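Right, one structure below, let's go through it.
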Amino acid sequence: MDMAVKAYIAQHRERFLDELIDLLRVPSVSADPAYKADVLKMAAMIRDSLLAAGADKAQVMETPGYPIVYGEKIIDPSLPTVLVYGHYDVQPSDPDELWESPAFEPVIKKTAVHPDGAIFARGACDDKGQMYMHVKAFEAMVASGELPCNVKFIIEGEEEVGSEHLDGFLEDHRELLAADVILVSDTGIISNETPSITTGLRGLSYLEVTVTGPNRDLHSGLYGGGVPNPINVLCEMIASLKDENQHITVKGFYDDVVELSADERDAMERAPFDQEAFKKSIGIGNVEGEEGYTVRERMSIRPTLDVNGIWGGYIGEGAKTVIPSKAHAKISMRLVPHQDSETITRLFKEYFESIAPDSVNVDVRPHHGGECAVTPIDSNAYKAASRAMEETFGKTPVPVRSGGSIPIIASFEKILGLKTVLFGFGLDSDAIHSPNEHYGLFNYFKGIETIPLFYKYFTEMEKA
Ligand code: BES
Ligand code: MN
Ligand code: MN
């Protein structure tokens, strides 16, 4: 890296960390309306941080939901433009009692994986820490006179609830958002010793189902045995959604799934993975999943069906002998190329209704969904990202497909015609969406140091 940027980052290390800590104190939980004021406050803080970092302009732009923060610095319209995307909203912190320190009171602690310390707070990794690396890398490039191209920022506040208003925003602001590549840090690397670049994300179809039996809760002695119990029925229905090989039984579910070539699968398996350490890290006795695929394939290139929550009946203290009237479950399916989320949602609904016994009523209500994305590895942007990481990690990053979802990546391609580089620096063990989410200081600063190199190499390659 050019010395001036590197020196600037080293010199302002402490402030870069303090500023992130300030952002992490704001509970910008998009899912819960109780936090509305904090989400809005967060948007204003991001705008201010972009202006302070050297943006020519930055503004909080309204949508029918939470606002989108837009900022830019155009140094020369004839130079390439990088569009940085991130999100300032976070997942709810619950269950709060499982946090070792409060979710919105950031603390720095050392861990086995992060011997230099990690910052513990909701959003530390997903995505405030990763998003803010871009703001600080931008500041460092501007301040040291080493910003080689134009930069635009689009930081949204509804990612964790499905980015409902982002597509409309993109459609309305094509001109404003014109760029050459989209750069996103909202994914991870294999480990701090093995850098990687994410080349694919899964899509998502999310639904809520309700099974209704009797029209009121019933005494389980007087009625039990002769009437449908919606919880029992729901459990049987859910159990039948996978066969003995853990194939999903929803009719037509696999019709559009593209099988990877043997070469692609071999390449995937060459990336390091310690299955015993994996099991130990999450405390499971064994792995499980679809017959014919490795654990990593099951978690990335294969579609899934999981129950995310299930409830009904009596769950208070002690016992209550009751047959409930209703049972509910939230179910998500992760999707792969070329499954279409709306088609899968429809297929699920049709199938789930078809397997319901006539003793109950079933209601299937779709939530948000999103499409999968696969990013190229032969583009200038990928090559620039790879070279940048190679320089700061001392190793060539491995391309890997991830199992998570960031539905707007597909929207960027569809609406803006732009490819994305998924330039994330988190670790799977950083506990995103879980209690005790954290982000390594190593990762935060590695990101800030690596991003300017991406700009440098990308600009050089695009100009050539
Ligand atoms: N940043 C995550 C997605 C992610 C994390 C992808 C790690 C790859 C590696 C994002 O904020 C997220 O949580 N997405 C949701 C989907 C969204 C529609 C709520 C997800 O994957 O569950
Ligand atoms: Mn995220
Ligand atoms: Mn998330």
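If segment 377-434 were replaced by its equivalent ellipsoid, with semi-axes equal to the square roots of 5 times the Cα gyration tensor eigenvalues, what would those be, largest first, whole Å?
Here the semi-axes work out to 21, 20, 8 Å.
Pick out the long, greasy-scoring helices in the chain: whole DSSP H runs spanning 18 Å or more along their own axis by Cα, mean Kyte-Doolittle at least 0.0.
What comes out of the filter, once short or polar helices are dropped, is 36-53, 128-143.
Regarding the chain, what whole-number volume in Å³ per residue does the convex hull of its Cα atoms give?
In the chain, the Cα hull volume divided by residue count equals 159 Å³.
Can you figure out the FRET efficiency of GLU100 with LYS463, using R₀ = 51 Å and their beta-carbon distance, to the nearest 0.05?
The computed FRET efficiency comes out at 0.55.
Of the cross-linked pairs LYS6/LYS446; LYS57/LYS136; LYS6/LYS110, which ones have a Cα-Cα span greater than 19 Å in the structure shown?
LYS6/LYS110
If you stretched the chain out fully between ARG174 and LYS395, how much longer would it get, using 0.36 nm times the residue separation minus the C-alpha to C-alpha distance?
Length difference between fully extended and current span is 75.9 nm.
What number, rounded to the nearest 500 deg cm²/dmol, is the helix-based mean residue ellipticity at 222 nm of the chain, given -39500 (n - 2.57) per DSSP H run of at least four residues and division by all its residues?
Value at 222 nm, helices only: -10000 deg cm²/dmol.
If you roll a 1.4 angstrom probe over the protein chains with everything in place, what fraction of the accessible area of the chain belongs to carbon and sulfur, to the nearest %?
Whole-percent figure for carbon plus sulfur exposure: 50.
Compute the FRET efficiency between GLU264 and ILE75 as 1/(1 + (r/R0)^6), taking r as their Cβ-Cβ distance and R0 = 45 Å, and round to the nearest 0.05.
Rounded to the nearest 0.05, the efficiency is 0.70.
Compute the distance in nm between two label points, each set 7 Å from the Cα along the Cα-to-Cβ direction, one at ASP256 and one at ARG346.
Taking the two extended label points, one gets 0.9 nm.
Please report the antiparallel percentage of DSSP beta bridges with both residues in the chain, rounded to the nearest 5.
In the chain, DSSP labels about 70 percent of beta bridges as antiparallel.
Using packing as a proxy for protection, rank 223-230, 382-389, 258-265, 366-373 so that the peptide with the highest average count of other Cβ atoms within 10 Å comes first.
Ranking, from highest mean packing down: 382-389, 366-373, 223-230, 258-265.
So how do ILE377, ILE119 rank on accessible area, 1.4 Å probe, biggest first, that is with the largest at the start?
Greatest to least solvent exposure: ILE377, ILE119.
Could you rank the peptides 301-308, 68-75 by their average count of other C-beta atoms within 10 Å per residue, with the highest value first?
68-75, 301-308
Segment 132-213: which trypsin sites (Lys or Arg not before Pro) are DSSP loop and have at most 15 other beta-carbon atoms within 10 angstrom?
Sparse-neighbourhood loop trypsin sites (Lys or Arg not before Pro): ARG174.
At 1.306 mPa s and 10 °C, plugging the Kirkwood radius over alpha-carbon pairs of segment 1-156 into Stokes-Einstein gives what diffusion coefficient in µm²/s?
96
To the nearest 10 square angstrom, how much accessible area does ILE155 have with a 1.4 angstrom probe?
Roll a 1.4 Å probe over it and ILE155 shows about 0 Å².
Can you list the lysines whose alpha carbon sits under 18 Å from that of LYS242, skipping same-chain ones fewer than 8 residues off?
Within the straight-line cut-off, LYS242 pairs with LYS251, LYS330, LYS349.
For the chain, what is the accessible area per residue in Å², given a 1.4 Å probe and the full set of protein chains?
Per residue, the chain has 44 Å² of solvent-accessible surface.
The values are calculated or read from the model by the stated rules, or taken from the named source; none is laboratory data. The shown structure was predicted, so the numbers you read here are calculated from the model rather than taken from an experiment. Note: ideal-geometry Cβ built from the backbone for every residue, glycine included; neighbour counts use all protein chains shown. We work out accessible area using only protein heavy atoms, side chains counted, and drop any ligands, DNA or RNA first. Shrake-Rupley method; radii C 1.70, N 1.55, O 1.52, S 1.80 Å.
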